[in-house]
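To start, the structure under review is shown below, and the notes come after it.
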Amino acid sequence: MIPVAQAAQPLSFWQAEPGSTRMWLLILAAVVVGFLVVAALLRAPTRARPVIVSTVTFLGGLYFVLHFLWPTAQDYSPDEVPRNAVEGFSFWLQGTLPSVTAFAQSLGAMLLGIGIYSLLSIHLGRLLKRQKDWFFSLVFTLSMAAMILFGYWDWISRLTPEGARAAAETPSVFPHFAKDLLFGGLFINMDAVMFSIIAFFIFSAAYRAFRIRSVESTILLGTALIVMLGLMGGVVVSQDSLLNSIAQPGESVIVDSLRLPTIRSWIQDNLQSPSIRAMEFGLAIGGLAMALRLWLSIEKGVSH
Amino acid sequence: MAEQTDAPKKSIGEILQSANRTFLYLILFLVVSASLVVTQLRKVEVPTRPEPYTIEAYKILRNVPEGGVVIVDTGFTNSSRGENGGQMEALLRILMRSGAKFAVLSWVEPQCIEIARGFIRRINEERRAAGEPEYREWYDYLILGFFPDGPTMLQTVHQNVREAWKTRQATDPTTGEKRSVFESPVLDRVQRIEDVYAYVTLSASGTMPTIVARIGKQVKVISMITGVMFPEQLNYFKSGQLKGLVNGLSGCVELEWLMEKGIDAQGVVGGNAPGRPVAAAFPGAKNFDRGMAYYLALHSALTLLILAVAVGNVGMWLTNRSRKR
Amino acid sequence: MQYYDTGFLQVLFVLLLMAFILFNIQRARGGKQLFIRRIPGLSAIDEAIGRSTEMGRPVLMVPGLSGLDPVGIQAVKIFGYITRTAARFATPIRLLLANAPLYSVATEMIRDVYQTEGVPERFDPQSVRFVTDRQFAFAAGVAGLIYRERVAAAFLMGDWYAESLIVAESANAVGAIQVAASTITTQTPFLIAACDYVMIGDEFYAASAYLSREPVLVGSLVGQDWAKLAIASVIVLFSLFGSVEKRFVQQTAEWVQEPGKAGEYRPIPARMKNNDELTPLRFFFPRKPGPIDPPRQKRETAPTGGDS
Amino acid sequence: MNLEHPTYVFIKMTAGVLATVGLYSVLYRETKLYRFFEHMFLGLAAGWSLTAIWTDTLKDQWWGQMVGKIDEQTGAMKEPAVWPWAFVVPMAFMAYLIFSRKHNWISRIPLGLLIGLGAGQTFLNWFNLYGPQMADSVKTIIPTTFSSLTVPPPVNGQPDPNVYLSQAINNLIFVATLLCVLSYFIFCTEFKSRFLKGMSTAGRLVLMVGFGAIFGSTVMTRFALFIDRMYFVWIEWLWRSVLHLS
């Protein structure tokens, strides 16, 4: 529960009373000002364009670079007063982090429409012009419309606070079932089907590609075989009992090191781990370099 | 897709090397279906030998002190139910039988929460049928719900767990009121994340590093993962960032096996050395379930794969030999 | 990043890696000729496009599930080089994406390629498509397109997860030449099994430098090599130092830190050091400082959320 | 009536079985049946994304912050409205200018901002992610005792601080493997010396070991998911729901 005292606290310039006229006016003003800025940008000279884009990119990155470089105040707590300017700035950085991540997510989320536009332009175009496969575009459009319709209907009638209150009295059954059938019955199942179909493809790819042609493919095949056998409990246990007839566990180092899980974990510990790790280090540095080039806008073709 | 098979007649070697895709798919389909039906009819129990990382996970989960809190971070949907589903069932059984309290959250997808609810309901039904007390929401477990921005939530958990989940509420059945989750018997003693006994993540994707990077030093993190993610995560177990690891379907069977056999005072799985066991078994309870139901089919599918590769190689060898002549 | 104890060394280390990269970019810009070794998969690009042109079938490019991050942009950049060749021969392309922001960037970059090649009319906006952001719906869509359009060449590069094999085997079934590179190491073996050429690990990042020979990229690649050497040296030197320390130096004091107090060393009888007590590891695991002194004051009223 | 109703559960499962048959049909070849289910799948996915984007992300992360929150019972303010969130709208609009022939450059501003934020996070998280992995790669390669070749079992549950010969050798192999693979990923020099050339070749071979091991363990997952699907069709649907067998 939020203490009542907080409601009486004065609001800063950036805040407003929820639902008040002032809030809606300020929101409207912000949108208008934003669009005026866009209108001004439309007139930006060609030369200035890359500069604007690089500056924005740089500032975006700078926020996290400051997080990275600025000494972090120990035990940050929003209800304490920083002791000095260094701590004060760190407090600001830590306090704004949730807003900045939420901003990036909201902005990214709003761009989904661009993708949906691309999809619809293809399918509606095909549908209206009755091109080849127009029927399937119809299937696409209808399933999408149905999912949106029942998705929101169900959400509004059941999952929003107002809806939940209404649903407590008269449960709205239809949208709930329709959404669950589309989402839980079809969509989730289709997801699972496509995921499981990989088993077939692994089977055919392995059959076709795993031939003992070169040293490399032999090594790959051999290791895969050992690991697969080691995953089969039945094989492991029978090999164990076979080896136990030669020497009990702990009696002979040589016999013990022939056991499948031992070989498997030795390979994984001493060869797989470091080799994958080294590869990851390479990728990590590649990513770091790319991030650096993007941040400073020295990667050609991205910001200009 | 079907390959043209007229033209000059193929040698045996070439035939062995060029089996039709559709034919391969059909065999796999038949073999797996048959194994499942056989398991269902005969209740086959294929033996296994638990790995050290599964044993560590079991030790921690089996020894949650009475009333200790475990966070269950579920990140799987029905598409990886084959591996994560069995792990979830085993996890819930161990926690409920050890009397641990747990809180479920997700930051992968909202439906993960619904799926987890389904699993809790199923295990509860099973407990009711066995005459054991049911696990009650609010008193014994909590659903914290979905967090859209996991990394930030975890970062806040690292600093202040009460701040991170402060908006989350649950219904108190005694009054029917919505109250803060921190007033429930599950979380009321949790002031900091260090007060949580363990943090278990079930996932089909690489969410674990995000968790470990933020709270791995404060709480024991156990990862239950699909076989795909395993080699990558093994590094984290070896570097001590993960305290336990369960590897896909085989890990799930190992957990079921450990629940059946236990670890004795000497640390031997299934042994019966005198003294207090390192992690006891649950004798007589339903320990084998989904993991074991799939295990025979896994064996036959893997054997089929190995056979197919062998056939291809024999074919290549025969062809090469006839060419050399 | 916290600076207490040795924590600042971590910041310095990352800054050092960044400095290596920037220094070499500067060096390459200054006209220094730098060498790059051959990357096998990349020589196949022209061959694959040539085949597509002959057969009159499209070239497929997919960055997997990459988002608007360094990986996704790198993938689209490589696709830009492929598109340049395709644009010259008027070979149709299909670039399919699973992320809307990356789709926007890719549309811009591909349009640019056609413009710089002087054939803007050959750019078909529908050749760059957003499919869906759901992993397996994406796989189903891409596989369907592969079968229907019978692509002759497929370039799969970027963050490829489980869907890699669905796409790669479908492309194999229609007889396409495939060049792949996944930054997700767990997928590389499947791509090796299903594709004709596979770039391993950060060959993916080296690809654009290799293809374009732009000084910035080549310089950056040299810097990346230096950074890898730095990591290797840290591991080797620390291993040697730690081994010698473990063998010959004994632990005579133990670090104790009680909650709410500053930590301190307390003397103990000499014993062999545990692995986590070796000096080099302090670089990775700095110690926490004691409580804040003097303590901070409380604010008079609780703040109402952060500024935005 | 709720979602647990047996008739409804059966309908839902049957829908799942139909979807399974439809999508698996691509294994035979790309038919109209597959195309139908593929387009339905894509449509549902697009529709779901458009639903979830509001309900899961924008509603709380953006709208909720912009208009604030009121306590439903008391009508008092719970969280103030932070109106500058409204600036996100014109910002997102700029990205939509990508469809304009003349002004498409403006879309690079919001995209550039997102790229910048993403790049910055890479620097911030780099050491957190890879530091511990480097730390774990630091190994002790000098044995401290020769009393036993292999590690003896623990006594009284106390960890033995000693490094035994076999451990030291394994650790050496670990570090050497890591170096070999790293050397394979050096792009900007041609290795002249036989030693370095050998290292990089060895690096490639060890990588193949790593890939083989990954292949082996991944195969299990893929098969497990396929088995699960078959379990759904044969046992959960046919066996239990259609034939009502136990």
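Throughout, read-outs are computed from the coordinates displayed, never taken from laboratory work. In this text the structure is predicted, and so the values were computed from the model without any measurement. Backbone-built Cβ (ideal geometry, glycine too); neighbour counts: all protein chains shown.
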### Query
Relative to the first principal axis of the alpha-carbon coordinates of chain B, what is the inclination of helix B:21-42, with its axis defined by its Cα atoms, in degrees from 0 to 90 and to the nearest 10?
50 degrees
### Query
Seen from all sides and averaged, what is the projected area of the convex hull of the Cα atoms in the stretch D:1-137, in nm²?
18.2 nm²
### Distance in nm between pseudo-label sites at B:V314 and C:A230 (7 Å out along the Cβ direction from Cα)
5.6 nm
### Query
Label point 7 Å out from B:V31 along Cα-to-Cβ: which residues of the stretch A:209-234 have amide N under 20 Å?
A:209-212, A:221-234
### Three-way shape call for the stretch C:37-212 based on the alpha-carbon gyration tensor, with the a/c threshold at 1.5
rounded
### Message
Percent of Cα-Cα pairs more than 29 Å apart in the stretch B:155-309, please.
### Response
39 percent
#### Entry: Orientation-averaged projected area, Cα convex hull of chain A (nm²)
32.0 nm²
## Note on the structure
Those helices of chain D passing the 20 Å axial Cα length cut-off and the mean Kyte-Doolittle cut-off of 0.5 (DSSP H runs only) are D:6-24, D:32-52, D:165-184, D:194-230
### Summary
Applying the span-like rule to chain A (DSSP H, Cα extent along axis at least 15 Å, Kyte-Doolittle mean at least 0.5) gives A:21-42, A:48-69, A:85-110, A:112-128, A:134-154, A:198-209, A:215-231, A:233-244, A:273-295
#### Entry: Stokes-Einstein D in µm²/s, Kirkwood radius over Cα pairs - the stretch A:20-112 at 4 °C with 1.567 mPa s viscosity
79 µm²/s
### Query
Antiparallel DSSP bridges in the protein assembly as shown: what percent, to the nearest 5?
30 percent
#### Entry: Convex hull volume per residue in cubic angstrom - Cα atoms of the stretch A:115-196
127 Å³
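Provide the FRET efficiency to the nearest 0.05 for the B:Q266-C:R271 pair, computing r from the beta carbons and using R0 = 30 Å.
The pair B:Q266/C:R271 has a calculated efficiency of 0.65.
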### Message
Under a Cβ-only charge scheme (Lys and Arg +1, Asp and Glu -1), can you give me the dipole magnitude of chain C about the Cα centre, in debye to the nearest 20?
### Response
520 debye
### Task
Using the 2.2 N^0.38 Å rule of thumb for compact globular proteins, work out how the stretch A:200-295 stacks up: its C-alpha Rg over that value, please.
1.52
### Query
What list of ³J(HN,Hα) values in whole Hz, one per residue of the stretch D:72-81 in order, does the Karplus curve 6.51 cos²θ - 1.76 cosθ + 1.60 (θ = phi - 60°) give from phi, with Gly and Pro shown as x?
5, 6, 8, x, 7, 6, 8, 9, x, 7
### Message
For chain B, take the longest principal axis of its alpha carbons; what is the angle in degrees between that and the long axis of helix B:52-62, to the nearest 10 within 0 to 90?
### Response
30 degrees
### Query
Hey, what's the Kirkwood Rh for the stretch B:65-211 if you take every pair of different alpha carbons, in angstrom?
15.5 Å
### Message
With angles folded into 0 to 90 degrees, how steeply does helix B:86-98 sit against the dominant principal axis of chain B? Use alpha carbons for both and round to 10.
### Response
30 degrees
### Summary
The answer for the per residue Cα convex hull volume of the protein assembly as shown, in Å³, is 199 Å³
### Query
For the stretch D:120-246, how big is Rg over Rh, using alpha carbon atoms and the Kirkwood form of Rh?
1.20
### Query
Using only helices, what value at 222 nm comes out for the protein assembly as shown when you add -39,500 (n - 2.57) per DSSP H run of length 4 or more and divide by the total residues, to the nearest 500 deg cm²/dmol?
-18500 deg cm²/dmol
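With the cut-off at 30 Å, report for chain C the share of all Cα pairs above it, as a whole percent. Walk me through the intermediate numbers first.
On the way: 24022 of 47278 pairs.
Percentage above 30 Å: 51.
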### Query
Roughly how many whole Å is it from the C-alpha centroid of the stretch B:23-52 to that of the stretch C:161-226?
36 Å
### Query
Quick one: putting +1 on the C-beta of Lys and Arg, -1 on the C-beta of Asp and Glu, what dipole do you get for the stretch C:37-212 around its Cα centre, in Debye to the nearest 20?
260 debye
### Message
Placing +1 on the Cβ of each Lys and Arg and -1 on the Cβ of each Asp and Glu in the protein assembly as shown, which of D:T20, B:Q233, D:F211 has its Cα farthest towards the positive end of the resulting dipole?
### Response
D:F211
### Query
More than 37 Å apart: what percent of Cα pairs in chain B qualify?
28 percent
### Query
Taking neighbour Cβ counts within 10 Å as the exposure measure, how do D:W126, A:W266 sort from fewest upward?
A:W266, D:W126
### Task
Report Rg(Cα)/(2.2 N^0.38 Å) for the stretch D:1-81, keeping two decimals.
1.79
### Query
Among D:W62, A:F177, C:W160, whose Cα lies farthest out toward the positive end of the dipole of the protein assembly as shown, if unit charges sit on the beta carbon of Lys, Arg (+1) and Asp, Glu (-1)?
C:W160
### Query
Any idea what the dipole of chain D comes to, in debye rounded to 20, about its Cα centre with Lys/Arg Cβ at +1 and Asp/Glu Cβ at -1?
1040 debye
### Message
No solvent, one uniform scatterer per C-alpha: report log10 I(q)/I(0) for the stretch D:82-135 via the Debye equation at q = 0.24, 0.25 1/Å, two decimals.
### Response
-0.89, -0.92
#### Entry: the stretch C:233-248 - phi-based ³J(HN,Hα) in whole Hz, Karplus 6.51/-1.76/1.60, Gly and Pro as x
5, 4, 5, 5, 5, 5, 4, 5, 4, x, 5, 5, 4, 5, 6, 10
### Query
Two-decimal Rg/Rh of the stretch C:175-308 from alpha-carbon positions, Kirkwood Rh?
1.21
### Query
Mean shadow of the stretch B:1-122, computed from the convex hull of its alpha carbons, in nm²?
12.8 nm²
### Task
Quick one: among A:I52, A:I263, A:I197, which has the greatest mean-square fluctuation in a GNM of chain A with alpha-carbon springs under 10 angstrom?
A:I197
